[in-house]
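Participant: Structure provided below as structure tokens; questions to follow.
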Ligand code: SF4
């Protein structure tokens, strides 16, 4: 079991500041407030280089989207992202929708491309406010693959459709053609300040079902439980629910977890599994692990 601690080695940066035109119901731009925001490539590059001087190994680069689901400011930022990448920083980019040209530029500038995988048109239209469909997501993954992005790490939000299971299995089916390096299962969190703050978080069984299906379809792929999940009062759940979700993901067959609780780690030890602690995000390619701090828990 790989246990990931993301901060401070891998800061998250928004390249649109707090701006987002999509205003998805589960987020309403709130997630952007938790990220370091930049709107000018020069300021972004200078700040990122400062982070590197202070010990950062890489970055998650994300931001808000326009009404068509494209990442705001991305074409203008890509040369700066490439320059940062060329200094040795490990870059994971949330791509948004990407056509062939954008995908080719992305392939030149990042290590890991990450994108939501969604398998239901109603979710796409109602939750993401996108006048689009499942095929658009598939097209982006295909474009990234064709462009030669080596590590494609999709994330699937379990229970995003008002806490219920809906298009998750279909999204996983579509990923078979992508050949993902890692699959990140995240979980809908009723986040304060969003339209869906009053919607209950999914039951642990929903999370287990999604992870189990992912494991069945991708027996050899690294599957993680991502940090974006109900993890305490700010995300609308108590610690019992947090632990129930983590243990359900463990039962389903994850091989990694970001920001695990102490109870989760105890259960992993009780099962006799080896634990590798890694100072990075969970989609870090396994071949990159010697570039970051890591150790076997038994050898601490
Ligand atoms: S596009 Fe991203 S940042 Fe904007 S509201 Fe949706 S999830 Fe939040």
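The values are calculated or read from the model by the stated rules, or taken from the named source; none is laboratory data. Bear in mind that the values here come from a model prediction, so they are computed numbers and not experimental data. FYI the Cβ positions are ideal-geometry reconstructions off the backbone, even for glycines, and counts take in every protein chain you see.
Participant: Considering only residues that are in contact with a strand residue (DSSP E or B) (Cβ under 9 Å, 6 or more places away or on another chain) and either within 9 Å of the ligand (Cβ to nearest atom) or not in a loop (DSSP other than H, G, I, E, B) (or both), which ones fall in the range 36-47?
Facilitator: 36, 37, 44, 47
Participant: Moving on. Scan the range 216-249 for residues that are in contact with a strand residue (DSSP E or B) (Cβ under 8 Å, 6 or more places away or on another chain) and buried (at least 19 other Cβ atoms within 10 Å of the Cβ) and jot them down.
Facilitator: Correct list: 222, 223, 224, 225, 226, 227, 228, 229, 230, 245, 246, 249.
Participant: A follow-up question, please. Of everything in the range 48-105 that's away from the ligand (no atom under 16 Å from the Cβ) and within 17 Å of the chain's Cα centre (by Cα), which residue is surrounded by the fewest Cβ atoms within 10 Å (Cβ to Cβ)?
Facilitator: Ranking the qualifying residues of the range 48-105, first place goes to 91.
Participant: A further question follows. Just give me the residues in the range 248-267 being more than 22 Å from residue 203 (Cβ to Cβ) and touching a residue at least 12 places away in the same chain (Cβ under 8 Å), in sequence order.
Facilitator: Correct list: 255, 256, 265.
Participant: Okay, next question. I need the full set of residues from the range 126-150 which are within 13 Å of the ligand (Cβ to nearest atom) and either surrounded by fewer than 16 Cβ atoms within 10 Å (Cβ to Cβ) or on the phi > 0 side of the Ramachandran plot (or both), in order please.
Facilitator: Of everything in the range 126-150, those that are within 13 Å of the ligand (Cβ to nearest atom) and either surrounded by fewer than 16 Cβ atoms within 10 Å (Cβ to Cβ) or on the phi > 0 side of the Ramachandran plot (or both) turn out to be 126, 129.
Participant: Continuing with this model, one more query. Residues in the range 167-185 that are part of a loop (DSSP other than H, G, I, E, B) and closer than 17 Å to residue 135 by Cβ: how many?
Facilitator: The qualifying residues number 4.
Participant: Would you say residue 113 is surrounded by 17 or more Cβ atoms within 10 Å (Cβ to Cβ), within 16 Å of residue 178 (Cα to Cα) and at pLDDT 95 or above?
Facilitator: Criteria met by residue 113.
Participant: Given the options 49, 53, 40, name the one that is out of contact with any helix residue (DSSP H, G or I) (no Cβ under 6 Å at 6 or more places or on another chain) and in contact (Cβ under 8 Å) with a residue 24 or more places away in the chain.
Facilitator: 49
Participant: Being within 14 Å of the ligand (Cβ to nearest atom), touching a helix residue (DSSP H, G or I) at 6+ places or on another chain (Cβ under 8 Å) and outside any loop (DSSP other than H, G, I, E, B) is the filter here, so list the residues in the range 1-35 that pass it.
Facilitator: 12, 13, 14
Participant: Let me ask something else. Name the pairs whose Cβ atoms lie under 8 Å apart, with the first residue in the range 160-175 and at positive phi, the second surrounded by fewer than 17 Cβ atoms within 10 Å (Cβ to Cβ), and 6 or more positions between them or separate chains?
Facilitator: Every condition considered, the pairs that remain are 163/200.
Participant: Further question on the same structure: Can you report the number of residues in the range 174-201 which are closer than 25 Å to residue 253 by Cβ and in contact with a helix residue (DSSP H, G or I) (Cβ under 8 Å, 6 or more places away or on another chain)?
Facilitator: Selection size over the range 174-201: 11.
Participant: Show the residue pairs that are 6+ apart or on different chains and have beta-carbon atoms under 8 Å apart, the first residue being within the range 15-33 and under 13 Å from residue 130 (Cα atoms), the second being assigned to a helix (DSSP H, G or I) and more than 8 Å from the ligand (Cβ to nearest atom).
Facilitator: Close Cβ pairs satisfying both conditions: 25/126.
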